[in-house]
Amino acid sequence: MKFLIRRWKCIGISGMILLTLCCLAFSTYKYIVWNERDECFARLAKEYNVDPTFISIGNAVQEQLQPELKYGMGQSETHSVLSRIAPIQTSSLGRSIDGGLVELIYIKVCRYPENNLTYMITYSNEGTFQEIRLYWDD
């Protein structure tokens, strides 16, 4: 009986140590991401001459791209324009009410994905560019 109690104590202590290490690793990662966000946003804010916030930087980038994003552009042309800022990653959100495609575009301006700029792009049911919006999912 004492052997079983000792065994369960060891398992419990090992579990607590493992949980503590996991929490420490997660907290460290989040701390690094937040610090990188501050540095990245400060750099981008200086480049675009705006406040170092997601909204300000996102709107400044969108204003810079707006003249190049024209109604009727194809999806690959739209991706080409957006990738002039930084590499992009796309994710389909599905279809709009009128049957057009809706996708998220992540512009990789920072090191960590949590800090990237995200835009929602709407295409017509013919597959041509209609609208771009800054996407805030926090």
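The values are calculated or read from the model by the stated rules, or taken from the named source; none is laboratory data. If you're wondering where the values come from, they're calculated on a predicted model, not measured in any experiment. All Cβ positions, even for glycine, are placed from backbone atoms using ideal geometry, and neighbour counts span all protein chains on display. Accessible surface areas use protein heavy atoms only, side chains included; no ligands, DNA or RNA. Shrake-Rupley method; radii C 1.70, N 1.55, O 1.52, S 1.80 Å.
Before moving on, here are some points about what is shown:
- Karplus 3J(HN,Hα) series, Hz, for the stretch 60-68 with 6.51 cos²θ - 1.76 cosθ + 1.60 (x for Gly, Pro): 5, 5, 4, 4, 5, 7, 3, x, 8
- Placing a pseudo-label 7 Å from each Cα along the Cα-to-Cβ vector at Arg7 and Lys70 gives an inter-label distance of 7.6 nm.
- In this structure the stretch 1-119 gives 68 Å² per residue of accessible area when probed at 1.4 Å with all protein chains present.
- Trp34/Ile97 FRET efficiency (R0 30 Å; Cβ-Cβ; nearest 0.05): 0.20
- Helical content alone sets the calculated 222 nm signal of the chain at -17000 deg cm²/dmol, taking -39,500 (n - 2.57) per DSSP H segment of four or more residues and averaging over every residue.
- Look at the dipole of the chain built from charges on Cβ: of Ala60, Phe41, Gly74, the Cα furthest out on the positive end belongs to Phe41.
- Accessible surface of the chain [probe 1.4 Å, protein heavy atoms]: carbon and sulfur percent: 58 percent
- Candidates Tyr123, Tyr48, Tyr71: whichever shows maximal mean-square fluctuation once the chain is modelled as a Gaussian network with Cα springs under 10 Å: Tyr71
- Unpaired cysteine residues in the chain (no second Cys Cβ under 4.7 Å): Cys10, Cys22, Cys23.
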